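The values are calculated or read from the model by the stated rules, or taken from the named source; none is laboratory data. Nothing here was measured: the structure is a model prediction, and the numbers come from that model. Methodologically, a virtual Cβ is constructed for each residue, glycine included, from the backbone with ideal geometry; neighbour enumeration extends over all protein chains shown.
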Amino acid sequence: MNTAVTFRLIVFAIVCCNAVADAQESADRTGTDTVNVNPKIVTGLIHSHCQKCHGPEEQKGKLRLDTLSLKIGNRSQMQQWQGVLGALKSSKMPPKDEPQPSTAARNEVVRHLTSTLQQATKRFGRGHQYRSGKIAIEAASADEPKVESFKRETVLAAAKYLDDGAVAWARTRKCITCHTTGTYMAERPSLTKMLGPPRAEVLNNFVNAVYDEPAYKGDFWFVWRSLGLAQWDKHVTGKLSEHTSDSLRQMFSRQMEDGSWDIARRNIQIPHVTTKFELAVQAARAVTAAPGWLDHLEGDKLHQQVTRMKTYLREYQPRNDYEQSLKLKLASVMPELLTKTEIDESVAMLRRHQQSDGGWSTRRMSDSSKWSVRKPSRIIELLKSEPDADAPASDPYMTALAIVLMRESNIPADDNQIQRGIAWLKANQRQSGRWWMKSLSFKGDNRKNYTTYISTAQALRALALCGEIAEPAANP
């Protein structure tokens with residue numbers, strides 16, 4: 001089969017996969033009735049203050065308000081109005097350099113849209129973050145209520161969310177992603193003793209990818225696939241498998257001359273796809289997790305490739321505090337690559353970043369323009385457009401990661417800052433078991449907020465390392 005035909009087949013497969021997913025999502029959105037927006041309350045403000053930028057002559061953000069239906073009949077329309085409400089509440093619309101509505105007028109529209117959209121949500125639901133067969137996980141939302149108290153039942157709910165989400169993704173999308181199956185296989189196996197074994201169906205997806213996944217996949221897939229398989233071997237079976245060895249060899253076949261792996265084909269995703277350094281740290285986790293693999297390297301070439309990886313990781317200079325924090329992750333798997341001074345400085349940096357409420361903020365770990373060497377404008381614009389951009393709030397991912405990194409650096413669980421972080425996590429779990437976090441990435445991730453999944457996995461790791469998740473009682 002020639003290259004052109006192969007490429008057309010690949011594109012056809014991607015289009016079909018997306019079409020099925022979009023059709024299912026479209027079916028989910030459709031309702032049988034409408035919820036009406038009151039034109040007397042809303043249209044005056046929109047006409048006077050919004051239509052200049054979102055009308056027939058100009059549609060900023062591809063949003064046209066003069067033709068936006070006042071009869072909300074499905075989730076797509078509901079989400080458009082939610083965007084309008086969010087912009088009004090945060091005072092992002094109209095822009096500050098344009099004439100502003102009175103506070104009373106703005107508040108009246110905000111109150112009406114809030115009430116109307118609550119009705120619409122009840123009628124049409126939130127949609128699904130993951131769905132396959134009997135698995136139907138509602139979309140992640142900032143307004144999901146928090147748990148009344150953190151306990152074993154809420155931990156089990158979080159574990160079920162991780163298990164079901166990964167299975168649904170493996171069934172419907174099959175690809176390996178950092179925000180779902182990659183995270184699942186990287187973190188869930190270590191919780192086996194406390195929460196039971198991870199789902200074999202996800203493992204099978206990874207194993208099949210070793211032998212069936214085409215070479216056009218970027219380096220990212222090879223690294224995360226190897227990490228997941230190695231973690232399974234370490235924590236579930238306790239022995240190195242042939243498919244993990246094969247995956248690691250394939251991973252090193254993609255290594256660049258400087259010892260790193262390329263992320264050029266990937267959309268920048270905070271936190272798991274940022275720079276080559278972040279990907280190389282995941283590769284280091286993979287080779288050290290695989291039981292006995294480093295002790296039995298076959299051939300001079302593989303020895304040289306591992307040495308190149310270590311040299312790259314040892315000599316790399318972090319571009320932001322987030323990468324400096326990942327130096328601690330590196331130290332936990334390859335301590336010989338960092339000096340005690342580097343470790344101490346990284347821990348001190350993490351301590352300085354803790355906020356008054358006990359949490360940490362991912363967005364505070366880097367200037368918006370320094371997350372990636374590519375400086376993607378969409379990421380910079382998203383970060384700067386957040387209502388709290390000047391003082392980002394604590395979030396579950398960075399709070400959990402900071403705790404994990406300090407515990408892996410042998411800081412005791414009863415350390416005051418760790419305990420404050422644990423209290424923050426316990427207080428911010430949602431009733432579904434998840435830890436909500438908004439995604440700031442490409443469009444699909446923003447709709448689904450998959451960083452919620454990453455945050456939940458990391459939160460369970462942090463709680464486990466601090467003795468907050470007990471192993472189940474043995475059967476009598």
| field | Any hit, the range 313-325, residues being without any contact (Cβ under 8 Å) to a residue 40 or more places away in the chain, under 21 Å from residue 461 (Cβ atoms) and assigned by TED's automatic domain parsing to the domain that holds residue 262 | value | yes
| said: So residue 362 ticks every box in (1) crowded, with 19+ Cβ neighbours inside 10 Å; (2) free of Cβ contacts under 8 Å to residues at least 12 places away in the same chain; (3) polar (S, T, N, Q) but one. Which box is left unticked? | reply: (2)
| remark: For the range 401-429, the count of residues that are more than 17 Å from residue 348 (Cα to Cα) and in a helix (DSSP H, G or I) equals 6
| message | With in a helix (DSSP H, G or I), touching a residue at least 60 places away in the same chain (Cβ under 8 Å) and touching a strand residue (DSSP E or B) at 6+ places or on another chain (Cβ under 6 Å) as the only criterion, which of 140, 158, 105, 120 stands out? | response | 120
| remark: Picked from the range 303-314 (must be surrounded by 15 or more Cβ atoms within 10 Å (Cβ to Cβ) and not polar (S, T, N, Q)), the residue farthest from residue 277 (Cα to Cα) is 306
| Selection within the range 170-179 - part of a helix (DSSP H, G or I) and either hydroxyl-bearing (Ser, Thr, Tyr) or under 14 Å from the mean Cα position of the chain (by Cα) (or both) | 172
| task | Output the residue which, of all residues in the range 255-297 that are under 19 Å from the mean Cα position of the chain (by Cα) and either among the polar types (S, T, N, Q) or not assigned by TED's automatic domain parsing to the domain that holds residue 363 (or both), is nearest to residue 243 (Cα to Cα). | result | 282
| field | Criterion: on the phi > 0 side of the Ramachandran plot, out of contact with any Gly (no Cβ under 6 Å at 6 or more places or on another chain) and in the same structural domain as residue 455 (by TED's automatic domain parsing) - qualifying residue of 375, 329, 340 | value | 375
| query | Restricting the search to the range 26-67, which residues are modelled with pLDDT under 75 and either of a type in the set (A, V, I, L, M, F, W, C) or part of a strand (DSSP E or B) (or both)? | reply | 27, 30, 31, 32, 59, 63
| field | the range 139-150 - residue that is surrounded by 12 or more Cβ atoms within 10 Å (Cβ to Cβ) and of a type outside the set (A, V, I, L, M) and, of those, farthest from residue 446 (Cα to Cα) | value | 150
| Condition test on residue 356, is it among the hydroxyl-bearing types (Ser, Thr, Tyr) and closer than 26 Å to residue 269 by Cβ? | no
| With respect to residue 251, is the statement that it is not small (Gly, Ala, Ser) and not in a helix (DSSP H, G or I) true? | no
| query | Would a scan of the range 68-81 turn up a residue that is under 12 Å from residue 106 (Cβ atoms) and either surrounded by fewer than 18 Cβ atoms within 10 Å (Cβ to Cβ) or modelled with pLDDT under 75 (or both)? | reply | no
| said: For the range 202-242: of the residues being among the small types (Gly, Ala, Ser) and within 15 Å of residue 261 (Cα to Cα), which is surrounded by the most Cβ atoms within 10 Å (Cβ to Cβ)? | reply: 226
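Condition check ((1) in contact with a strand residue (DSSP E or B) (Cβ under 7 Å, 6 or more places away or on another chain); (2) crowded, with 23+ Cβ neighbours inside 10 Å) across all residues:
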| site | (1), (2) |
| --- | --- |
| 347 | no, no |
| 430 | yes, yes |
| 436 | yes, no |
| 448 | yes, no |
| query | Only one of 139, 166 is of a type outside the set (Asp, Glu), at pLDDT 95 or above and assigned by TED's automatic domain parsing to the domain that holds residue 448; which? | reply | 166
| note | Residues in the range 123-137 that are surrounded by 15 or more Cβ atoms within 10 Å (Cβ to Cβ), charged (D, E, K, R) and part of a loop (DSSP other than H, G, I, E, B) total 1
